[in-house]
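So the structure is just underneath, and the comments pick up after that.
Only the coordinates and a few stated rules stand behind these numbers; no lab work does. Just so it is clear, the structure is predicted and the values come from calculations on it, not from any experiment. Reconstructed Cβ throughout: ideal geometry from the backbone, glycine too, with neighbour counts over all protein chains shown.
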Amino acid sequence: MNATERLAQGFPDLSRMMVARQPHWMRWLTATAILAVLAVIGRAFANGQIEWSYVGRFLTVPAILEGISNTMIMAVLAMALGIVLGVVVAVMRLSSNPVLKSVAAGYTWLFRGTPLILQLLLWFNLALVFPTIGIPGLWSVRAVDVMTPFLSALLGLGINQGAYTSEVMRAGILSVDVGQYEAAQAIGMGRLRTLRRIILPQAMRVVTPPLSNEFIGMVKATSLASVIQYPEVLHNAENIYYANSRVIELLIVAGLWYLLVVSILTPLQMLLERRFSRGTLQLVR
Amino acid sequence: MTKPLVAIRSVSKNFGDFQALKQVSLDVRAGEVLCLIGASGSGKTTLLRCVNQLTPIDSGGVWLDGELLGVREERGRLHRLTERQIARQRLKTGMVFQRFNLFPHKTALENITEGPVQVQGRKQEDALAEAMELLRRVGLAEKADAYPSQLSGGQQQRVAIARALAMKPMLMLFDEPTSALDPELVGEVLTVMKELARSGMTMMVVTHELGFAREVADRVVYMDHGTIVEAGAAAEVLGGPREARTQAFLSAVIR
Ligand SMILES: Nc1ncnc2c1ncn2[C@@H]1O[C@H](COP(=O)(O)OP(=O)(O)OP(=O)(O)O)[C@@H](O)[C@H]1O
Ligand SMILES: [Mg+2]
């Protein structure tokens with residue numbers, strides 16, 4: 001009798017037994033319950049006062065298509081402005097210069113502390129405060145001509161976004177090891193180049209998920225610009241239902257477009273994350 | 001007597017109330033390999049970091065190749081150099097860190113070419129050729145396209161040495177380059193350093209590898225509590241230290 005056999009004596013032989021599958025009764029039960037609730041809601045909508053044919057018809061009318069493209073243009077541009085501002089403000093906030101630090105902190109405080117819709121209205125109505133904008137004596141324009149719905153929305157959304165993005169970027173920059181700054185300095189890099197070549201690329205890996213989140217928020221926040229006449233999708237949907245009174249149908253049309261856009265963004269986020277995780281060990285599954 | 005390549009004169013450094021360096025003076029001649037030894041907290045890293053200005057000094061001066069580092073004298077006063085001027089001065093030294101500090105988002109090759117291309121403005125293809133040559137020199141030619149996370153500690157440290165050498169420095173600083181490594185990986189890094197020493201590179205090495213110091217160092221400096229207690233030829237300091245503190249340290253380490 002060898003050592004293995006001796007140790008096995010007195011114990012049942014488990015080596016050839018399979019682990020039985022657990023029956024997941026609760027999962028089946030809850031899933032059935034949820035489906036039942038969904039069926040009830042679905043029936044209610046199907047039998048409710050909704051003309052589904054209108055939804056289908058208005059989904060692709062020119063005004064709606066133009067609206068969703070305006071929505072996307074605004075979301076992308078305002079987010080770009082927000083990211084640029086966010087990086088600059090994050091760097092200011094992390095600098096040792098007390099003036100830069102306070103300016104950055106003040107900016108974040110002001111634009112995070114007031115409602116976005118209020119900021120949009122302020123930008124749009126800037127002409128009430130400053131009838132003309134320009135350099136006195138040299139060049140000036142009337143503020144009403146400059147502060148178009150487009151520019152007001154871009155400034156309002158972008159500058160507000162910058163205040164939030166700066167905190168995300170700050171977290172990303174702080175996540176990079178100090179050894180990276182020292183290694184970059186040791187090969188003679190200045191502060192800006194270190195930031196651009198070494199720190200930000202590593203911070204991007206950390207900030208991509210929260211920034212994607214922010215971008216999805218931005219797509220939907222553009223709908224607030226409807227109050228300042230920017231022709232985004234909700235604004236155009238409203239204009240249509242003012243004319244034909246199909247309120248719910250057109251709100252559903254706009255909602256479906258938002259859902260579609262946000263659904264496309266998720267795989268894009270995956271691509272970005274893969275791009276920025278270059279060099280880090282992937283979790284193998 | 002020729003001028004020393006590095007002249008450290010009465011350098012002091014405080015962290016708050018704590019004196020990390022107290023009036024340290026030291027010369028390193030061109031081509032010399034100098035090993036710094038001493039207990040933890042004795043100021044070895046701080047001294048090394050003062051030489052490439054990662055840590056600004058409080059008083060005293062460091063001259064590298066005849067050039068005063070970090071400050072400029074004008075009408076009896078010292079003025080701090082700008083960030084850009086300091087960056088330019090750093091090009092004369094290469095530094096190797098205890099924890100490698102490779103850029104994780106760049107391959108081994110990109111880590112090495114980053115400085116020459118971005119900072120020194122050298123042509124991409126020249127930098128690439130030189131980087132490949134350096135990788136061959138540290139025995140890692142086949143790892144050119146590997147990311148740091150795909151390399152062992154010893155391989156990462158050898159890439160880090162190549163990255164520092166790519167800037168063609170006149171002085172190499174090593175801060176405990178092998179103390180973060182598994183024991184079986186220490187040898188490969190020391191081999192590269194020995195080859196570098198033989199090639200005539202001036203080196204300041206903080207190390208606990210007394211065998212390496214005995215074999216490679218021209219001089220050994222023993223530090224304690226922010227001062228240099230004993231400095232001399234490697235064989236003398238390690239073989240027959242004069243100071244009681246050095247003797248106590250060595251007998252504690254060698255055991
Ligand atoms: N940035 C800092 N802030 C405060 N204290 C510091 C700082 N850097 C170093 N010190 C202190 O200065 C002293 C000298 O540190 P240093 O890192 O030079 O020692 P060392 O000889 O390299 O030690 P070790 O062998 O552990 O690396 C230590 O007591 C340390 O705590
Ligand atoms: Mg140290």
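Helix A:247-276 sits at what angle to the longest principal axis of chain A, using alpha carbons and giving 0 to 90 degrees rounded to 10?
Rounded to the nearest ten degrees, it is 60.
With runs of 4+ DSSP H residues as the only contributors, calculate the mean residue ellipticity of chain A at 222 nm using -39,500 (n - 2.57) per run, divided by the residue total and rounded to the nearest 500.
On the way: 13 runs with 200 residues, N = 285.
When only DSSP H runs of four or more count, the value is -23000 deg cm²/dmol.
Helix A:25-47 against the longest principal axis of chain A: what's the angle in degrees, Cα atoms only, rounded to the nearest 10?
In chain A, helix A:25-47 runs at an angle near 30 degrees to the longest axis.
Packing-wise, with mean Cβ within 10 Å as the measure, how do B:197-206, A:58-67, A:40-49, A:160-169 rank, highest first?
Per-residue Cβ counts within 10 Å, averaged per peptide and sorted highest first, yield A:160-169, B:197-206, A:58-67, A:40-49.
Per residue of the range A:67-77, in order, report the coupling 6.51 cos²θ - 1.76 cosθ + 1.60 (Karplus, θ = phi - 60°) as ³J(HN,Hα) in whole Hz, putting x for Gly and Pro.
x, 5, 5, 4, 4, 5, 4, 5, 4, 5, 5
Which helices, taking whole DSSP H runs in chain B, have alpha carbons extending 20 angstrom or more along the helix axis plus mean Kyte-Doolittle at least -1.0? Display every interim value, and only then the final one.
Values: long enough: B:183-198 (23 Å, 0.38).
Within chain B the helices that satisfy the rule are B:183-198.
Which residue, B:79, B:225, B:208, has the most motion in a Gaussian network model of chain B that connects Cα atoms within less than 10 Å?
B:79
Rounded to the nearest 5, what % of DSSP beta bridges with both residues in the protein assembly as shown are antiparallel?
60
At q = 0.09, 0.10, 0.11, 0.12 Å⁻¹, what is the base-10 log of I(q)/I(0) for chain A according to the Debye formula with one equal point scatterer per Cα and no solvent? Please give it to two decimals.
Once normalised to I(0) and log-transformed, intensities are -0.68, -0.78, -0.88, -0.97.
For the pair residue A:8 and residue A:274, how long in nm is the line joining their label points, each one 7 Å along Cα→Cβ?
Calculated label separation equals 4.7 nm.
How would you classify the protein assembly as shown from its alpha-carbon gyration tensor, with a ≥ b ≥ c the square roots of the eigenvalues: rounded for a/c under 1.5, else prolate if a/b is greater than b/c, otherwise oblate?
Oblate, since a/c reaches 1.5 and b/c is not below a/b.
Would you calculate the volume per residue, in Å³, of the smallest convex hull containing every Cα atom of the range B:99-242?
Given the Cα convex hull of the range B:99-242, per-residue volume reads 123 Å³.
Using only Cα atoms and rounding to the nearest 10 degrees, what angle (0 to 90) does helix A:98-112 make with the longest principal axis of chain A?
Orientation of helix A:98-112: about 90 degrees from the principal axis.
Which one, A:122, A:250, A:268, has the greatest fluctuation when you compute a Gaussian network model over chain A with C-alpha springs under 10 angstrom?
A:268
Restricting to the range B:70-201, what percent of DSSP beta bridges are antiparallel, rounded to 5?
Around 50 percent of the beta bridges assigned by DSSP in the range B:70-201 are antiparallel ones.
So which GluC sites (Glu not before Pro) in the range B:191-255 pass both tests, a DSSP loop state and at most 14 other Cβ atoms within 10 Å of the Cβ?
Here the GluC sites (Glu not before Pro) that fit, given the DSSP loop and packing criteria, are B:243.
If you take every DSSP beta bridge whose two residues both sit in chain B, what share of them, in percent to the nearest 5, is antiparallel? Please list the in-between numbers first.
Values: 24 of 42 bridges.
Restricted to chain B, the bridges split so that about 55 percent are antiparallel.
Determine the relative contact order of the range A:72-230: mean sequence separation of Cα pairs under 8 Å and six or more apart, normalised by residue count, in whole percent.
Reported as a whole number, the value is 34 percent.
Give me B:25, A:245, A:223 sorted ascending by neighbouring Cβ count inside 10 Å, so fewest comes first.
Ranked by crowding around the Cβ, least crowded first: A:245, B:25, A:223.
³J(HN,Hα) across the range B:102-114 via Karplus (A = 6.51, B = -1.76, C = 1.60, θ = phi - 60°), whole Hz, x for Gly/Pro?
5, 7, x, 8, 10, 6, 3, 5, 5, 4, 6, 7, 3
When the gyration tensor of the range A:72-230 is built from Cα positions, what are the square roots of 5 times its three eigenvalues, in whole Å, from largest to smallest?
Sorted largest first and rounded, they come to 33, 19, 13 Å.
Which of B:63, A:123 comes first, and how do the rest follow, when ranked by fewest Cβ neighbours within 10 Å?
Listed from fewest to most nearby Cβ atoms, that is B:63, A:123.
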